[in-house]
Amino acid sequence: MPSQMYINVRNEEESRIAILENGLLEELSVETASDDTIEGNIYKGKIDRVVPGLEAAFVDYGREKNGFLAFSEINSEYFQGGDRKPENLLRGQEVMVQVKKGEIGDKGAALTTYVSIPGRYLVLMPQISKRGVSKQILDAKIRDSLKKTIDEAGMPEDMGYIVRTAAGDQNKEEIQRDVSFMLRVWKKISEIYESTRPPAILYRESDLVIRTIRDYFTPEISEILIDHPKVYEKVSAFFKTVMPWNAGRVRLYEGKAPLFSKHNLELQIASIYEDKVKLPSGGSIVIQRTEALVSVDVNSGGGPGVSDIEKTAFITNMEAAVETARQLRLRDLGGLIVIDFIDMRSSANRTKLKKEFLKAVKRDKARIDVGMISKFGILELSRQRLKSVTGLKLANPCPLCGGSGKLRSTEAFALSVLRVIHQVLAKAKDARAVSIGVPLDTAAFLVNRKRNDIIDLEMRFSTPINVFAEPDLLPNQYYCEFALEDRVRTESNLPQGYDARRLHAEGTSGKAEYQAKRTIETVCDEAASYLGIQEEIPPAKAEQPAAKNGGRGKRGRGRQGKPQAEPVTLAPPQSEANQPEVQPAAVLAEEVPAAEPEKAENGEGPRKRRRRRRRSRKSGAERQAALEGLNNLPQAEVAPPPAQSPAESAPAESAPAETPSGEKKSSSSRRRRRRGRRSGQEANASLQQNQSAPPAAVELAPPPPPPPVEAPPAVSAEAAPKAKKPRPARKPKKPAAGEAAAQEPPTPAKAEAGGETPKKTPSPRRRSPRKKPENTPES
């Protein structure tokens, strides 16, 4: 088939050479100016170290990484004594090596001592005596004539060679000329090796243009178009020297449109960098590279439009076999390759598929070993990589996903950053501040959704955490800075060589405004000093718990919290003139407890108070008898008692203070008993008076003063029957909430308004001090 070769070298940074057949791209070679191609170069090196466990030696040949030289690639003449043993290789021993495979990642180049110098029609192997002819030449007569022609050219007996496919159509003179040229090259290499010290380069491989023309030019190529004048002159000179009869096929392209665009090559080249390649019938193949192998998956897609499933699978597989062989050449895929064809039931179809695949890979210059198609439709093969590894690095791994094709979600990435911070803070307990630089979406998630987690870390480790939104960072990139006591520690996943000075978070952890640890210590010191001041203040008297007061803790707290009232002293009645005015029971209930603060001040304990309350209680029968006795007595108007001057009342009030302590306690107890009996009688009298009084109308104006209450005449001690001293009644049970509300004494307002009062006598136990109402009538 007629084919064309197009050479695009207009840009100095990149050189591209494409070979087309019927407008379809079949071969592509690309090389950039940054690529340092070393494959095929010959060096003089020295053995750096021998590793028997790997059965290899590492050779220093002038590159940054030492080359890997396997024992099987070492010529026997380099072993001391002739035996191929590791101990016969000496450190520092000089060797001539050639690069078989370039450096890949962290691995050094693969070296060999079996040097081979490629030419146009043969490959010279000066250190081995093996000779052969390319397998592409099938005619036995042509193979024998080619060997005879090379031997007549003066090839030494200890040197080997391999006749290339291009020599099949050449005459004897052209082949012998190429042999002579290759022998002169080897002689020059040997002279440089003897005169230089290792490491040194002895032979450099030709550039991409000359190398491609030398290896891929065939008589089927009808024309060679070059878009650069200097390269055109260089190629023309090469053709005139090596094959002058083909010099007329080289032409200079002077068109205005780019060379590759004019021949529709850009779209075909772009498809090489895609994983998915479409097939003519609607199916597709997906090519993915891994560390272990290259996988090719065949998908039927829409299919060729036939109803038979077996036929659909057969047509799609046949198209996939041809396209897969082409993609292996274009991408120069090497190593183990696994092709997953669509399952076919017919074994005859599987046989036809393999024959089609072998026919497609026949034109490949690389060595290929093809296996059998399994019952699962899987075909395994291995292929030799021909092109330079550095020449294939036309696309760098994605900086976002690292070549995996996937990114972590914002939530998962933010949590991973928090775990890094937690891990560092847990180990470095002297951190003063933390600064985080993350992308915008991650910063928003941390500040809004994980705010509590950040605050928890700050409180736990007493270290402020500052979050910075970095527009320059790509997704799934972060920069963390920890300010420690003596240094600043950084944690990040930024690529090597990234300038962190572009980030806002860089250097902020060491600034004072972002370090809040000292402020936290100051606040703690102030709190401690405040607590110290609190301890100097004498503690106040603790309140009595409610359980110890028998349910009366609330009344005790009321006496302590309210101001103390002056005690009211009630003298016993001695005559009608000195009979005190009868007041409502509510007023008496408010006046009587006013003397309790004095008792508390006199040191009366809770036991004495309980004993006093039990003595002050009266049974219902005694109260009723006293009330009937008061009702049967004749009533008479009682004049108000004469007002005493302050001078006269002062000695009476101050008299108890002059008595001794023993007499004071006995007199006070007697007064309390008398006051309790009198309060009960006066309360009953006031209840009867309130029941008989007519209800007063409710007006906006203040109510008029009630009429004077007539008190019963005094009863002499002889007329009144002496009642026996009753036994103290048992402590009644605590009334329920409804009963307590029913037993509450009426307020003065109700008594004055003439409202209904409860029939039950108010309990003298209620002694909470209250302010005397202003509207209480005075006598």
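The values are calculated or read from the model by the stated rules, or taken from the named source; none is laboratory data. Quantities reported herein were computed from a predicted structural model and do not represent experimental measurements. Counting neighbours? That spans all protein chains shown, and the Cβs are built from the backbone with ideal geometry, glycine included. Side chains are part of the model used for accessible areas, which takes the heavy atoms of the whole protein and leaves out ligands, DNA and RNA. Shrake-Rupley method; radii C 1.70, N 1.55, O 1.52, S 1.80 Å.
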Check your understanding: Would the stretch 386-393 turn up any residue that is under 30 Å from Asp297 (Cα atoms), out of contact with any Cys (no Cβ under 6 Å at 6 or more places or on another chain) and surrounded by fewer than 15 Cβ atoms within 10 Å (Cβ to Cβ)?
Key -> yes
Evaluate the stretch 449-465: report whether one residue or more is within 12 Å of Ala505 (Cβ to Cβ) and touching a residue at least 40 places away in the same chain (Cβ under 8 Å).
yes
Restricting the stretch 103-120 to residues that are assigned to a loop (DSSP other than H, G, I, E, B) and among the small types (Gly, Ala, Ser), the one modelled with the lowest pLDDT turns out to be Gly105
Based on this model, can you work out whether Leu407 counts as outside any helix (DSSP H, G or I) and in contact with a strand residue (DSSP E or B) (Cβ under 9 Å, 6 or more places away or on another chain)?
no
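Results for (1) in the same structural domain as Ser29 (by the TED database); (2) of a type in the set (S, T, N, Q); (3) open to solvent by 30 Å² or more (accessible area, probe 1.4 Å), shown as yes or no for each residue.
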{"position": "Leu330", "(1), (2), (3)": "no, no, no"}
{"position": "Leu336", "(1), (2), (3)": "no, no, yes"}
{"position": "Ile339", "(1), (2), (3)": "no, no, no"}
{"position": "Ser346", "(1), (2), (3)": "no, yes, yes"}
Given the condition closer than 23 Å to Lys107 by Cβ and in a loop (DSSP other than H, G, I, E, B), answer yes or no: does some residue in the stretch 45-61 qualify?
yes
>> Going by what's in this entry, would Ala414 be described as in contact with a helix residue (DSSP H, G or I) (Cβ under 9 Å, 6 or more places away or on another chain), assigned to a loop (DSSP other than H, G, I, E, B) and open to solvent by less than 40 Å² (accessible area, probe 1.4 Å)?
In response: no
### Query
Does the stretch 74-81 contain any residue that is under 22 Å from Val235 (Cα atoms) and surrounded by 12 or more Cβ atoms within 10 Å (Cβ to Cβ)?
no
Among the residues of the stretch 197-218, the number that are outside any helix (DSSP H, G or I) and either within 58 Å of the chain's Cα centre (by Cα) or at positive phi (or both) is 12
Residues in the stretch 421-463 that are touching a strand residue (DSSP E or B) at 6+ places or on another chain (Cβ under 9 Å) and part of a loop (DSSP other than H, G, I, E, B) total 5
Checked Leu358, Leu328 against criteria (part of a helix (DSSP H, G or I) and within 17 Å of Glu27 (Cβ to Cβ)); the one match is Leu328
Selection over the stretch 282-302 where residues are closer than 17 Å to Leu353 by Cα and open to solvent by less than 20 Å² (accessible area, probe 1.4 Å) yields a count of 5
So, first residue farther than 11 Å from Glu26 by Cα in the stretch 263-274, second residue basic (Lys, Arg), Cβ within less than 7 Å, six or more apart or across chains; the pairs are Ile272/Arg331
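Quick one: would you say Val277 is hydrophobic (A, V, I, L, M, F, W, C), under 30 Å from Glu223 (Cα atoms) and open to solvent by 40 Å² or more (accessible area, probe 1.4 Å)?
Against the criterion (hydrophobic (A, V, I, L, M, F, W, C), under 30 Å from Glu223 (Cα atoms) and open to solvent by 40 Å² or more (accessible area, probe 1.4 Å)), Val277 does not qualify.
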(message) more than 30 Å from Lys46 (Cβ to Cβ), modelled with pLDDT of 90 or more and open to solvent by 20 Å² or more (accessible area, probe 1.4 Å): is that true of Ala237 in this structure?
(response) yes
Across (1) over 20 Å from Lys44 (Cβ atoms); (2) in contact with a strand residue (DSSP E or B) (Cβ under 7 Å, 6 or more places away or on another chain); (3) surrounded by fewer than 14 Cβ atoms within 10 Å (Cβ to Cβ), Gly92 clears everything bar (1)
Residue pairs qualifying under the 6 Å Cβ cut-off, at least six apart or on distinct chains, with the first in the stretch 42-66 being on the phi > 0 side of the Ramachandran plot and the second being hydrophobic (A, V, I, L, M, F, W, C), are Glu55/Phe71
_Among the residues of the stretch 188-203, are any closer than 30 Å to Ile19 by Cβ and surrounded by fewer than 19 Cβ atoms within 10 Å (Cβ to Cβ)?_
yes
Residue count, the stretch 121-177, condition under 20 Å from Phe217 (Cβ atoms), part of a strand (DSSP E or B) and open to solvent by 20 Å² or more (accessible area, probe 1.4 Å), comes to 2
Matching residues in the stretch 5-30 (under 28 Å from Ala325 (Cα atoms) and open to solvent by 40 Å² or more (accessible area, probe 1.4 Å)) number 4
